[in-house]
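Remarks on the structure that follows.
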Amino acid sequence: MIEVDGLTIEAGGRRILDGVSFRLEAGGWYGIIGPNGAGKSTLLAAISGVRRFDAGSVRLFGRPVGSWPRRALARRLAVLQQELLPRTAFTVREVVLMGRYPYQNWFGGSDEEGEVLVDRVIGTLGLSAHAHRRLDTLSGGERQRVALAKAMAQDPELLLLDEPTTYLDIGYQIHLLDLVRDWRRAGNRTVVAVLHDLNLAAQYCDRLLVLREGRLIAEGPPADVLKPETIRRVFGIEPVVLPHPASGVPQLLLKPGGPDAKPAERRTADTASR
Amino acid sequence: MKLPVRIVIWSGAALLLLAVSVVWSLSIGSAGLPAGKVWSILIHRLPFAGGSAPDWTPMEETIVMQVRLSRIALAVLVGACLGMAGAGFQGVLRNPLADPYTLGVASGSSVGAALVMTLGLQTALGMWTVPSAAFLSGLIAVFAVLLLARSNGQMAVETLILSGVILQAFLGAFVSLMISMSEDEVNQILFWVLGSLSKKSWDHALLVLPFAVLGLPFIAAFASAMNLMSLGERHAAHLGVHVEWTKLTVLLASTLVTAAAVSVSGVVGFVGLVVPHLVRLIFGPDYRLIVPLSAIGGGIYVVWADTLARTALSPKEIPLGVLTALVGAPFFAWLLWRRKAGLGREDA
């Protein structure tokens, strides 16, 4: 579904992405993790076709991303951004209906099944009571749910999430990712998500891709990727990794650095444990 | 209510208001013609109207049909051009202060017109010398701004607006210089810069007509794209909008339409800024309504303003640009106050 080969992007004399290659099959939930500035959002922008690249290739659904007409692509690929929707005077339903733009003519009237889909999505996301409220009367969490509804109204095979939970409290974070999970399973769709929170990434993603300084340095199921050694190499911290009591996926406990931390000792211990 | 129905109903209502404004404006003026007579002359001219023998003089008919009606038609067209262009500029620049002059059309046109007048070449190419010079120099100014703001094949909105501000300041200084060097008693340049529809004929209206008639459907065709762009350029791109192409095309179309209006009327301010805002305040943020209603609303606004301009201090004319700003500025202040009070929050 997504084939990235030797992808390289430079900006201001710096390599943001440096020869990244991978292949993602349809039907999974893939997480992209890595520290700030690793190139995660840039990678997502390149996959979605809004960012030009300097070398390499990106193929979506078997075709180079640049050769897709934007409207045709928007029928198969949707993006949920980190930035919240602006406080406009459009109502919730009007904004969700904008997700049907790639299917519509000028008046937006010819799309009967779109209207049905939009109302269903609004119901699924628990927005029915807000359907006719203006966006500038909603909270940040509610606006992000509207953005997700808009992306779902596009009825895409592939959904890209760019740190969608950044501005949300933990309740909204879990709620939003649950909605994406259920929607993905119901339609056998593919999700690629840039996530900051490694614990959330471990619980929702089937596979993780780890980026550091523009290079792909690890790829695999969370249990293989989220090892103390990898995390130290990528983030420069010393975590405690434990299995989740309920699901068994790896979870991180953080501890402060400083004089008490003795990296040399621990490295020895880790090496020993390996 | 479905959108096409809303567009038809509100546009119909607005056109009715425009028709009433036109007839009202026709009925008043310095010649002191009674309204009834004006109406008979008008009805008499309608095809298939037939009717009674004329009870008016040829002179009176000339005043109504040639002097007043041509001027009012020009007012409608200039207002419509500025209104739709204002909606286009605000739609793609997503800035509440954007108006048709943001990218420097008016300043460019003023330099062209002022240069021709300073050199005494007003009639070098007949009656169209000043309009052609204004039209061309207005377009050149906008192309300069677009080039200045372009980098990597993209135009960031902030850079565009800033480039426009810089060029306007620069060209405005040129115009001021030419005004201050002028030795005429009544300063032609100043009068042109302030905007006026006096001493215009049907020819002028016919010049602007194609721009208004072609510009409206063209800009309106991008209304849905502008709706999506109000969510941000990234959102619009992910929904299938060609953002850069939409920006460039709408800006160029709006600029052409504005340049046509400015080249015959001079710089008529505030119409393109205030009318789309007023429409948005009443009818909401949907550009499929804002574009056509701003065109009709602009026509109504300029007809009223020009009627005041020619009658309020008759026989002296108030420059039209002065009047639109005199009415428009307090209105805009009220709009800001309302926004501050949190009643009229919009997409900013």
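The values are calculated or read from the model by the stated rules, or taken from the named source; none is laboratory data. Quantities reported herein were computed from a predicted structural model and do not represent experimental measurements. Because the Cβ atoms are built from the backbone with ideal geometry, glycine has one as well, and the counts that use them run over all protein chains shown. Surface accessibility is based on the protein's heavy atoms, side chains included, excluding ligands, DNA and RNA. Shrake-Rupley method; radii C 1.70, N 1.55, O 1.52, S 1.80 Å.
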### Query
Taking A:V240, is it modelled with pLDDT of 90 or more and in contact with a Lys or Arg (Cβ under 7 Å, 6 or more places away or on another chain)?
no
### Summary
Being farther than 26 Å from B:R310 by Cα, open to solvent by less than 60 Å² (accessible area, probe 1.4 Å) and either away from chain A (no Cβ under 14 Å) or not small (G, A, S) (or both) narrows B:L197, B:L214, B:L228 down to just B:L228
### Query
Listed residues B:A106, B:A113; which is over 15 Å from the mean Cα position of the chain (by Cα), crowded, with 24+ Cβ neighbours inside 10 Å and either within 21 Å of B:I189 (Cα to Cα) or polar (S, T, N, Q) (or both)?
B:A113
### Message
Restricting to segment B:1-35, name every residue that is within 14 Å of chain A (Cβ to nearest Cβ) and of a type in the set (S, T, N, Q).
### Response
B:S11
### Message
I need a count of the residues in segment B:177-194 that are open to solvent by 70 Å² or more (accessible area, probe 1.4 Å) and either of a type in the set (G, A, S) or in contact with a Pro (Cβ under 7 Å, 6 or more places away or on another chain) (or both).
### Response
2
### Task
Output the residues belonging to segment B:275-322 that are farther than 18 Å from B:F89 by Cα and either acidic (D, E) or in contact with an Asp or Glu (Cβ under 8 Å, 6 or more places away or on another chain) (or both).
B:D306, B:A309, B:R310, B:E317, B:L320
### Residue check for B:H242: more than 30 Å from B:L323 (Cα to Cα) and in contact with a Leu (Cβ under 7 Å, 6 or more places away or on another chain)
no
### Task
Considering only segment A:203-262, give the strands (runs of 3 or more DSSP E) lying wholly within it that have at least 1 residues that are within 23 Å of A:G37 (Cα to Cα).
A:207-212, A:215-220, A:250-253
### Query
Taking B:L343, is it within 14 Å of chain A (Cβ to nearest Cβ), at pLDDT below 90, in contact with a helix residue (DSSP H, G or I) (Cβ under 8 Å, 6 or more places away or on another chain) and open to solvent by 10 Å² or more (accessible area, probe 1.4 Å)?
no
### Query
Given the conditions (1) in contact (Cβ under 8 Å) with a residue 60 or more places away in the chain; (2) buried (at least 17 other Cβ atoms within 10 Å of the Cβ); (3) in a helix (DSSP H, G or I); (4) more than 14 Å from chain B (Cβ to nearest Cβ), and given that A:A151 satisfies all but one, which numbered condition is not satisfied?
(4)
### Message
I'm trying to understand the selection: among the residues of segment B:59-112, which are out of contact with any Leu (no Cβ under 8 Å at 6 or more places or on another chain), in a helix (DSSP H, G or I) and either at pLDDT 90 or above or aromatic (F, W, Y) (or both)?
### Response
B:S70, B:A73, B:G79, B:C81, B:L82, B:G83, B:A85, B:A87, B:Q90, B:G91, B:A106, B:S109
### Task
Could you tell me whether any residue of segment B:236-251 is of a type in the set (A, V, I, L, M) and not in a helix (DSSP H, G or I)?
yes
### Task
Would you tally the residues in segment B:238-247 being out of contact with any Asp or Glu (no Cβ under 9 Å at 6 or more places or on another chain) and surrounded by 23 or more Cβ atoms within 10 Å (Cβ to Cβ)?
2
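Here's the yes/no breakdown for (1) on the phi > 0 side of the Ramachandran plot; (2) within 16 Å of the chain's Cα centre (by Cα); (3) open to solvent by 30 Å² or more (accessible area, probe 1.4 Å):
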residue: A:G12; (1), (2), (3): yes, no, yes
residue: A:I16; (1), (2), (3): no, no, no
residue: A:G31; (1), (2), (3): no, yes, no
residue: A:R52; (1), (2), (3): no, no, yes
residue: A:R71; (1), (2), (3): no, no, yes
residue: A:L85; (1), (2), (3): no, no, no
residue: A:R100; (1), (2), (3): no, no, no
residue: A:N105; (1), (2), (3): no, no, yes
residue: A:E115; (1), (2), (3): no, no, yes
#### Entry: Members of segment B:314-337 that are closer than 20 Å to B:Q188 by Cβ and open to solvent by 60 Å² or more (accessible area, probe 1.4 Å)
B:P315, B:K316, B:E317
### Query
Has segment B:293-303 got any residue that is under 20 Å from A:E94 (Cα atoms) and either modelled with pLDDT of 95 or more or open to solvent by less than 10 Å² (accessible area, probe 1.4 Å) (or both)?
yes
### Summary
Checked against (1) part of a loop (DSSP other than H, G, I, E, B); (2) within 28 Å of A:H130 (Cβ to Cβ), A:A78 satisfies every condition except (1)
## Note on the structure
Selection from segment A:81-94 of residues assigned to a helix (DSSP H, G or I) and within 7 Å of another protein chain (Cβ to nearest Cβ) yields none
#### Entry: Single condition B:L167 does not satisfy, out of (1) modelled with pLDDT under 95; (2) away from chain A (no Cβ under 14 Å); (3) open to solvent by less than 20 Å² (accessible area, probe 1.4 Å)
(3)
### Query
Is at least one residue of segment A:59-68 under 22 Å from B:L228 (Cα atoms), surrounded by fewer than 16 Cβ atoms within 10 Å (Cβ to Cβ) and in the same structural domain as A:N188 (by TED's automatic domain parsing)?
yes
### Query
Checking A:R63 against (1) over 18 Å from A:L158 (Cβ atoms); (2) away from chain B (no Cβ under 12 Å), which single condition isn't satisfied?
(1)
### Message
Can you pull out every residue in segment A:29-60 that is assigned to a loop (DSSP other than H, G, I, E, B) and either out of contact with any helix residue (DSSP H, G or I) (no Cβ under 9 Å at 6 or more places or on another chain) or more than 24 Å from A:W183 (Cβ to Cβ) (or both)?
### Response
A:G34, A:P35, A:N36, A:G37, A:A38, A:G39, A:R51, A:R52, A:F53, A:D54
## Note on the structure
The condition of being over 24 Å from B:L214 (Cβ atoms), more than 14 Å from chain A (Cβ to nearest Cβ) and crowded, with 24+ Cβ neighbours inside 10 Å holds, among B:V250, B:V274, B:V257, B:V262, only for B:V274
## Note on the structure
Selection from segment A:191-204 of residues of a type in the set (A, V, I, L, M, F, W, C) and open to solvent by 10 Å² or more (accessible area, probe 1.4 Å) yields A:L198, A:L200
